[in-house]
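Encoded as structure tokens, the structure appears first; notes follow it.
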Amino acid sequence: MRQDLIGHSEEGRPIWVLQMGVQAAALRILIVSGQHGDEDRGWMAVQRFAADDPVQADQSVPVAIALVPNINPDGAARRTRTNARGVDLNRDHLRLTSAETRALHRFVRAWRPHLVVDVHQFPPRRRHLLARQLIFCHDVFLDVPTHPAAQHPALGDAGTRLLQPILSALNAAGYRSARYTRVTESGRVRHSTVDVVDARNGLALRYQLPTVLVEGRGWSRGDGPAVKAHVLAGMQEALRLIVQWAQANYARLTEAPPGPASVPIRTRYRPAASPRTLEFADPHSSLIRPVELPGRFTPHVETKARVHLPRAYAVPRTLPTLVELLRRHAFALVPSPPDRVERIERYRVNELKPPRPNRSPRKIELQMSTEHQPLHDYLLLSTAAGAGPALAVLLEPASNYGLARFADMGIPLTPQSAYPILRVL
């Protein structure tokens with residue numbers, strides 16, 4: 001096993017990656033834990049997984065594994081969820097404001113994994129569920145990207161090609177597991193968020209690769225050493241099964257996905273035909289029983305709007321905050337040749353319902369016109385080489401999860417105005 005330095009935290013603490021397996025292997029898997037500094041179960045499971053020499057699962061498919069046991073060393077030193085500047089790293093994969101997420105993205109670009117596993121832990125006790133005498137009893141939850149533009153064909157429809165066999169194997173081995181389910185105080189029941197700010201969606205979208213979320217159950221009142229050991233063993237087993245699954249699906253993971261004809265930029269949750277049933281424990285008796293969750297179960301995400309990709313997007317040099325963010329993501333920004341007149345499409349915002357802070361408009365009405373003009377004051381971003389889906393989600397004005405929703409980005413989105421980012425045909 002080799003240890004390499006991939007960056008430093010905001011306070012200068014080193015961020016290490018452990019390299020194991022066959023370094024020249026054609027299949028590469030990245031496992032990250034510790035985005036939240038108070039989630040020690042994740043890095044404990046990753047370290048134990050590494051100590052068990054997991055790369056022997058299938059000798060016919062050599063694999064290289066890179067493990068980042070603690071991406072947030074400042075938060076771990078403080079026992080806080082956020083980093084030293086108060087940034088939740090798992091909500092920073094769109095903006096890349098922190099040194100830690102920038103270091104992780106640099107490593108992903110350099111090492112080019114075929115699969116990323118993001119390891120966390122979840123609290124078994126939630127106040128609004130305790131009011132109904134319910135405690136989460138699962139050892140491990142799993143999930144996959146949910147934003148339509150971040151989904152990868154290797155994982156299958158809604159991730160079923162990965163989720164079904166691994167969850168079945170975990171349950172057969174005596175570990176309670178299921179697809180990660182959020183139960184909010186407001187009565188919404190769904191799987192993970194569709195937003196691209198987190199690692200699960202953000203890395204998948206930016207680099208067009210599959211990701212898997214592993215959530216282990218956090219410590220609960222009354223947990224003895226045997227319970228803690230069982231949950232850690234379940235998380236280790238989940239990681240082992242994911243590596244084994246990747247080796248069995250080597251061809252799908254290493255094959256470049258086809259370029260999209262169009263990109264989904266606006267989505268909505270669609271309800272299921274019946275409520276979600278999930279096992280819970282009683283906080284007093286510890287009896288485990290299936291519970292039909294109240295509230296609206298919306299496990300499906302459907303696309304409301306798509307766009308066909310232009311040849312490039314043109315970003316004004318007068319938007320320095322946006323230009324800097326795109327550079328953090330290592331998008332290639334190039335000036336247009338000074339003597340060239342480009343054929344462009346320009347959006348005009350006719351109407352919108354004012355959004356809440358950091359949220360996209362609930363309704364937006366756009367008009368597009370085609371023009372020919374030189375682009376001396378713009379920088380061009382090509383949509384080729386896999387960058388198109390991420391650029392469309394980030395830059396299109398109608399995107400639910402784009403950069404225009406952040407006021408500090410300086411991208412005006414107001415009625416009866418021209419949208420500043422152009423589409424180059």
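The values are calculated or read from the model by the stated rules, or taken from the named source; none is laboratory data. If you're wondering where the values come from, they're calculated on a predicted model, not measured in any experiment. Neighbour counts run over all protein chains shown; Cβ positions are idealised from the backbone, glycine included.
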Scan the range 3-16 for residues that are outside any strand (DSSP E or B) and surrounded by 12 or more Cβ atoms within 10 Å (Cβ to Cβ) and jot them down. S9, E10, E11, R13
When residues of the range 400-414 are limited to those that are among the hydrophobic types (A, V, I, L, M, F, W, C) and outside any loop (DSSP other than H, G, I, E, B), the one modelled with the lowest pLDDT: A407
Those residues of the range 354-381 that are surrounded by 12 or more Cβ atoms within 10 Å (Cβ to Cβ), of a type in the set (S, T, N, Q) and under 29 Å from the mean Cα position of the chain (by Cα) come to a total of 1
Just the residues that are in contact with a Leu (Cβ under 8 Å, 6 or more places away or on another chain) and in contact (Cβ under 8 Å) with a residue 60 or more places away in the chain, please, taken from the range 281-301. A281, D282, P283, V291, L293
In the range 340-353, anything over 15 Å from I411 (Cβ atoms) and under 29 Å from the mean Cα position of the chain (by Cα) is listed as K353
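Here's the yes/no breakdown for (1) within 16 Å of the chain's Cα centre (by Cα); (2) closer than 19 Å to D195 by Cα:
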position	(1), (2)
N83	no, no
G86	no, no
T101	yes, yes
V108	yes, no
W111	no, no
V116	yes, yes
H120	yes, yes
P123	no, no
Check the range 354-364 and report whether any residue there is modelled with pLDDT of 95 or more, of a type outside the set (G, A, S) and within 21 Å of A407 (Cα to Cα). no
Which condition from (1) part of a loop (DSSP other than H, G, I, E, B); (2) of a type in the set (A, V, I, L, M); (3) loosely packed, with under 15 Cβ neighbours inside 10 Å is the one that V61 breaks? (3)
Scan of the range 17-54 for residues that are surrounded by fewer than 18 Cβ atoms within 10 Å (Cβ to Cβ) and either under 25 Å from R217 (Cα atoms) or of a type in the set (D, E) (or both), ordered by number: L18, D38, D40, Q47, R48, A51, D52, D53
Return the only residue of R95, R48, R28, R41 being part of a loop (DSSP other than H, G, I, E, B) and either assigned by TED's automatic domain parsing to the domain that holds A330 or basic (K, R) (or both). R95
Cβ-Cβ under 9 Å pairs, at least 6 apart or on other chains, the range 8-37 side within 18 Å of A238 (Cβ to Cβ) and in contact (Cβ under 8 Å) with a residue 12 or more places away in the chain, far side surrounded by 17 or more Cβ atoms within 10 Å (Cβ to Cβ) and of a type in the set (F, W, Y): L30/F107; I31/F49; S33/W43; G34/W43
A226 being in the same structural domain as A64 (by TED's automatic domain parsing), modelled with pLDDT under 95 and not in a loop (DSSP other than H, G, I, E, B): yes
Please verify whether the range 259-279 includes one or more residues that are surrounded by 15 or more Cβ atoms within 10 Å (Cβ to Cβ), assigned by TED's automatic domain parsing to the domain that holds P210, farther than 30 Å from S360 by Cα and touching a residue at least 40 places away in the same chain (Cβ under 8 Å). yes
Can you report the number of residues in the range 178-223 which are touching a Leu at 6+ places or on another chain (Cβ under 8 Å), more than 26 Å from P271 (Cβ to Cβ) and in a loop (DSSP other than H, G, I, E, B)? 2
Looking at R270, R296, R276, R289, which is the one that is farther than 24 Å from A131 by Cβ and of a type outside the set (A, V, I, L, M, F, W, C)? R270
Test T146 against the criterion of being surrounded by fewer than 22 Cβ atoms within 10 Å (Cβ to Cβ) and not in a helix (DSSP H, G or I), and give yes or no. no
Over the range 385-419, the set of residues over 23 Å from R268 (Cα atoms) and in contact with a Phe, Trp or Tyr (Cβ under 9 Å, 6 or more places away or on another chain) is G386, A387, I411, P412, A418, Y419
Can you confirm whether Y250 is farther than 28 Å from S168 by Cβ, of a type in the set (F, W, Y) and in contact (Cβ under 8 Å) with a residue 12 or more places away in the chain? no
Looking only at the range 159-177, how many residues end up being in contact with a Pro (Cβ under 8 Å, 6 or more places away or on another chain) and not in a helix (DSSP H, G or I)? 0
Against the definition (farther than 24 Å from L94 by Cβ and surrounded by fewer than 15 Cβ atoms within 10 Å (Cβ to Cβ)), how does A246 come out, yes or no? no
